[in-house]
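Down below is the structure, laid out as structure tokens.
The values are calculated or read from the model by the stated rules, or taken from the named source; none is laboratory data. Computed from a prediction, not measured in an experiment: that's the story for all the values here. Here the Cβ positions follow ideal geometry from the backbone for every residue, glycine too, while neighbour counts run over all protein chains shown.
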Amino acid sequence: MRSGLISVDELRASLEEVTLLDVRYRMGGPAGPAEYVAGHVPGAAYVDLDRDLAAEPGERGRHPLPDVAVFEAAMRRVGVRAARPVVVYDDWSGHAAARAWWLLRYHGHADVRVLDGGWTDWRAAGGEVATGDGAPRVAGDFTAAPGALPVVDATTVRAAGVLVDARATERYRGDVEPIDPVAGHVPGAVNVPTGRNLDERGRFRDPASLAATYAEVGAVPGADVAVYCGSGVTAAHDVLALELAGITAALYPGSWSEWVADPSRPVATSARP
């Protein structure tokens, strides 16, 4: 079992020993709650990314960090306990699951893992499927204590030794911008799209391969690394990949959507940092 990840076989063997969270969410895709009711891993509780894992959009970006009390209440509602391991999964290549992984870790939970391959691999492996709203669950006892993982904000993000932009390359270059009002990237940032974290099966690549990918942009063990994306969600995917590679990285939660909310902040375009 790799730190931060759990395989389908490992999850099958430990279903009774973990708190399992279904975090299915795709921007513009099918509604997660309906997908959960139609079928989920037995024992999983549904967590809504917009409601439970983010605050209302605004000047802090499209998916600001949730209020601590809101996040704590949401995690208790789905049964998260401080002394019990948590496993999170989605059907979006781990992007939403990585957001839940990061938030739980950031708020002090020590044992959180993403199901490698997610719902797709669970189904492909013949995993049992439950339907409906899920069984009632005992409230958890998790106490959220933010600060266990590093973060940067709009005033400190450019001070990072290596600033990684996790968005698709065409968005990084400023060729297109389908969501936010301004195209481009934070000056000085380098680009490692989240797709480079995965192999052809949609699972995270091995630590040595991930380390080699991030070394290309100077993100190596001991370096001062920070990561951002469009709204702070998919950047957690790069933070997880970096952790698998043995590299600690700070997250910029507001990310590009917060950065461009202030027109005085500089913007770079083209493939150059």
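Just one of the listed residues (Thr194, Thr131) is polar (S, T, N, Q), in contact (Cβ under 8 Å) with a residue 60 or more places away in the chain, closer than 18 Å to Ala226 by Cβ and not assigned by TED's automatic domain parsing to the domain that holds Glu35, and it is Thr194. May I ask you to verify whether Ala139 is touching a Lys or Arg at 6+ places or on another chain (Cβ under 7 Å) and either of a type in the set (A, V, I, L, M) or modelled with pLDDT under 95 (or both)? So Ala139 passes the test. Within the stretch 77-117, the set of residues being more than 13 Å from the chain's Cα centre (by Cα) and either at positive phi or of a type in the set (S, T, N, Q) (or both) comprises Gly79, Gly108, Gly117. Taking the stretch 142-254 and the helices (runs of 4 or more DSSP H) fully enclosed by it, the elements with 3 or more residues that are closer than 29 Å to Asp67 by Cβ are at 235-244.
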